[in-house]
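Input: a single structure, listed below in structure tokens.
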Amino acid sequence: MFAVICDGGRQYKVSSGDKLIIDYRETMNVDDVLKFEEILLAGAKGGSKIGAPKIEGAVVEAKILGHRKGDKLEIQKFKRRKKMRRHTGHRQKYTAIQIVGVTVPGLAD
């Protein structure tokens, strides 16, 4: 069974056992369970369900694997002949999750 979830303005196609990297969840710790309730579409061998805009009662559960930082972005600004130089950097934080289960009422594996 697979599902399309919406998180942080992005859509992810997931199934049980998949690993994802999503936006940082500051309040979540390792091995906590995260529930996604905004399921847009779900499918299995027996058929599929499409939400309008989401499927009521559908839940995707995920386990937090850990937190990490992304690659460093370096930003440089320069204006010639004006002695203006600016250099900054940024590292985005992410949370790694693993999908534990997909539950959709009325849809069997």
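Please treat every number below as a calculation from the coordinates, not as lab data. As the structure is a computational prediction, the values presented were derived from the model and not from experiment. In this analysis, Cβ positions are derived from the backbone assuming ideal geometry, glycine residues included, and neighbour counts consider all displayed protein chains.
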* Of the residues R25, R81, which is of a type outside the set (G, A, S) and either at positive phi or free of Cβ contacts under 8 Å to residues at least 40 places away in the same chain (or both)? -> R81
* Asked: Could we say that V59 is hydrophobic (A, V, I, L, M, F, W, C), exposed (fewer than 13 other Cβ atoms within 10 Å of the Cβ) and more than 13 Å from the chain's Cα centre (by Cα) here?
  -> no
* Considering only region 66-89, state which residues are within 25 Å of N29 (Cβ to Cβ) and surrounded by 10 or more Cβ atoms within 10 Å (Cβ to Cβ). => G66, H67, R68, K69, G70
* Asked: Taking region 48-65 on its own, how many of its residues are of a type in the set (G, A, S) and either closer than 30 Å to V30 by Cβ or part of a strand (DSSP E or B) (or both)?
  -> 4
* Could you tell me whether region 66-89 includes any residue that is closer than 24 Å to L107 by Cβ and either touching a strand residue (DSSP E or B) at 6+ places or on another chain (Cβ under 9 Å) or assigned to a strand (DSSP E or B) (or both)? => no
* Whichever residue in region 84-109 is small (G, A, S) and without any contact (Cβ under 8 Å) to a residue 60 or more places away in the chain and, among such residues, is farthest from K13 (Cα to Cα) -> G89
* Structure fact -> Flagged in region 16-47 as in a strand (DSSP E or B) and loosely packed, with under 15 Cβ neighbours inside 10 Å, in numbering order, are K19, I21, D23, V33, K35, G47
